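The next block holds one structure in the form of structure tokens; read it before the comments.
The values are calculated or read from the model by the stated rules, or taken from the named source; none is laboratory data. Bear in mind that the values here come from a model prediction, so they are computed numbers and not experimental data. Every residue, glycine as well, gets a Cβ built from its backbone with ideal geometry; the counts of neighbours run over all protein chains shown. These accessible areas exclude ligands, DNA and RNA; they are computed on the full protein's heavy atoms, side chains included. Shrake-Rupley method; radii C 1.70, N 1.55, O 1.52, S 1.80 Å.
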Amino acid sequence: MITRLKQCSSPAESDVPAAPAAHRQADPRVTALLGDGGLGAPGHVPADGFDGVVIMHNASDIAPAWPQQLAEGARLVVPLEIGGYTRSLTLVRRGDVLHCEHWTFCGFVRDRGAAARTAPSVRLADGEVTVRWEDGAPGDTTGLEEALHGRRHESSTGLVVQGTFNFETLQVYAATTLPGFFRLTVPKGSPLVAQQNAAAIMANGSLAYLTHRQVKDAAGPTDRLTEFFIHAYGPAAEDLAEHFAECVRVWDRDVRESGYPPMTVHPGGTSDDLLPPGDVLDKPSARLVFQWPGRTPAGAQDLLAAGEQRG
């Protein structure tokens, strides 16, 4: 949905009760259009662009029309899928670059029409295990079928948390920093995979995924303890598990208390040398740059501004 944002002419106007349905008249300030939302509202864009664009569905990409039809300094609010995890982002247009101003955990209906996308997937172990790639090209699953019929390696990350614990930034951190990242799903009660929907990585005919288990029960939820584990299969199981476990430890040390990182969205054709420092996640029409603590050089914020000017 695209809207030209306006304020009421007076505070009292917003407090007037709505008229009964039978007596309502069309609001002359509102133009309703039927069409593909990925194209924005061509032919209706104000001379200086829209004051704001709000997308009311999960989007797998940033459609080029959305930032192009925004006014300078205006905001795009979009529930964007990042590695299959949806976060509602408030993005501010500065030139050709969108700067993320706010993150919110959310979930909506997925996009449809020309923008609709089905993530590539492969089913393994007689269909019990499904691996899918929400971003990027599919990985090489050679050897995984055999690996899943072998011994499961289990190792602790060393991260033990108390009570109700929010690890939503860990999901995005893993999805944007781990090579070979994918999502893994199984039916409830699967003997092969302990987590129904898990963050996972693959390499060298092996896979590893993140899970957790309760290590101390208690009457009150705040007194319960949960430990994060990595389960892995295949000839490189131990190395892959340690690589994923180290990702969790670094997140716990550098990111956990920091919240979401600075992030910018650049046009899809932007070359690497015009991007600011950071971890890059490529979408079909956009390039996202994440500046995670501990992974971005000091002074990167100054370089980010320079990249904005060049982009």
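The relative contact order of the chain comes to 15 percent, based on Cα pairs under 8 Å that sit 6 or more residues apart.
Reported value for the range 145-211: 113 Å³ per residue, from the convex hull of its C-alpha atoms. Think of each Lys and Arg Cβ as +1 and each Asp and Glu Cβ as -1; about the Cα centre, that makes the dipole of the chain roughly 680 debye.
A cut-off of 5 Å between modelled amide H atoms, ignoring neighbours fewer than 5 places along the same chain, links Arg287 with His266, Gly268. Note that the chain presents 52 Å² accessible area per residue, ligands and nucleic acids not counted, probe 1.4 Å. With the cut-off at 1.5 for a/c, could you classify the range 145-184 from its C-alpha gyration tensor as rounded, prolate or oblate? Oblate is the answer for the range 145-184, as a/c is 1.5 or above yet b/c matches or exceeds a/b. Taking the average, over residues, of other Cβ atoms within 10 Å as the packing measure, peptides 65-71, 96-102, 150-156 rank 65-71, 96-102, 150-156 from highest down.
Under 11 Å from a label point 7 Å along Cα→Cβ of Glu128: give me every residue in the range 137-156 with its amide N that close. Only 148-150 pass the distance filter.
In summary, the range 182-231 shows an alpha-carbon radius of gyration equal to 1.37 times the 2.2 N^0.38 Å reference for compact globular proteins.
Computed on the range 157-311, with alpha-carbon pairs under 8 angstrom and 6+ residues apart, the relative contact order is 20 percent. Classify the range 34-120 as rounded, prolate or oblate, taking a ≥ b ≥ c as the square roots of the eigenvalues of its Cα gyration tensor: rounded when a/c is under 1.5, otherwise prolate if a/b is larger than b/c and oblate if not. Because a/c hits 1.5 or more and a/b fails to exceed b/c, the range 34-120 counts as oblate. Of interest is the spacing of the C-alpha centroids, which for the range 273-299 and the range 83-127 amounts to 17 Å. Each peptide in 213-220, 56-63 gets a packing score, the mean of other Cβ atoms within 10 Å over its residues, and the list from highest to lowest is 56-63, 213-220.
Ordering 282-289, 241-248 by mean Cβ neighbour count within 10 Å, with the highest value first, yields 241-248, 282-289.
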